[in-house]
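S.K.: Okay, here's the structure, questions in a sec.
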Amino acid sequence: MDFPTIHFLTTLIFLILISHAHPTACATPSKTSTNFIKKSCNTTTYPSLCVKTLTPYAASVGTNPLKLCTAALAAAIQATNNCTTTVSKLANQKGITRPEARAIKDCIGDMKDAVYELKQTLAAMGHLGDADREFQWANAKTYASAAITDAETCVDGFLGRKVNPTVKKKIRSCVSDVEKLMSNALSLINHLY
């Protein structure tokens, strides 16, 4: 299968999954679904962030662990895209030095790779009903871990380079938030079965 076809199928799966996990203003979450999210989030590294992020999805998640993982991945993808936009805007500021520009460019590439890995995670999750469930589950965990590594690589790219502390702080803050969401999604995936 060629890359455009894989990209199209991954995007299609993502859109289908996200349409079932997007928070809705009309639906009222039940106490059961809210409690399910709280209990599930207790297994994550950042439980309070997990609850805050995923409670808006409670009505569509219900008590379905797979939908919860999908919602967590959707939140991580959205945050990663937002972070990439933030980093891109920093690249266009006046007074950016060449070392800063290189580090920012590398970071943008790392964050785009992280989005790709998270979408691959979603694609693998879409195949958990297949006969090779264990293989797909392993793939999902591997891709989610790779996304975290990509985000860490972005921040590491500023080590040893002369970069404006304000620029570095903005990027580090943005990427740190993304890593937390990715970590929570991975933890939920790890506890899926």
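The values are calculated or read from the model by the stated rules, or taken from the named source; none is laboratory data. In this text the structure is predicted, and so the values were computed from the model without any measurement. Note: ideal-geometry Cβ built from the backbone for every residue, glycine included; neighbour counts use all protein chains shown. Note: accessible area is taken over every heavy atom of the protein model, side chains too, but ligands, DNA and RNA are not part of it. Shrake-Rupley method; radii C 1.70, N 1.55, O 1.52, S 1.80 Å.
S.K.: Please count how many residues of the stretch 39-80 are closer than 18 Å to A114 by Cβ and open to solvent by 60 Å² or more (accessible area, probe 1.4 Å).
M.R.: Final tally of qualifying residues: 3.
S.K.: Here is a list: V178, V155. Which entry is surrounded by 15 or more Cβ atoms within 10 Å (Cβ to Cβ) and more than 19 Å from T70 (Cβ to Cβ)?
M.R.: On inspection, the qualifying residue turns out to be V155.
S.K.: Six or more apart or on different chains, Cβ under 8 Å: which pairs go from a residue in the stretch 93-122 that's under 25 Å from M182 (Cβ atoms) to one that's of a type in the set (D, E) and surrounded by 14 or more Cβ atoms within 10 Å (Cβ to Cβ)? Could you list them?
M.R.: Cβ pairs passing all conditions: D110/D150; M111/D150; D113/D150; A114/D150; E117/D150.
S.K.: Could you figure out which of (1) of a type outside the set (D, E, K, R); (2) surrounded by 15 or more Cβ atoms within 10 Å (Cβ to Cβ); (3) out of contact with any helix residue (DSSP H, G or I) (no Cβ under 8 Å at 6 or more places or on another chain) isn't true of P165?
M.R.: (2)
S.K.: With (1) open to solvent by 40 Å² or more (accessible area, probe 1.4 Å); (2) part of a helix (DSSP H, G or I) as the list, and E100 as the residue in question, which single condition is left unmet?
M.R.: The one condition E100 does not meet is (1).
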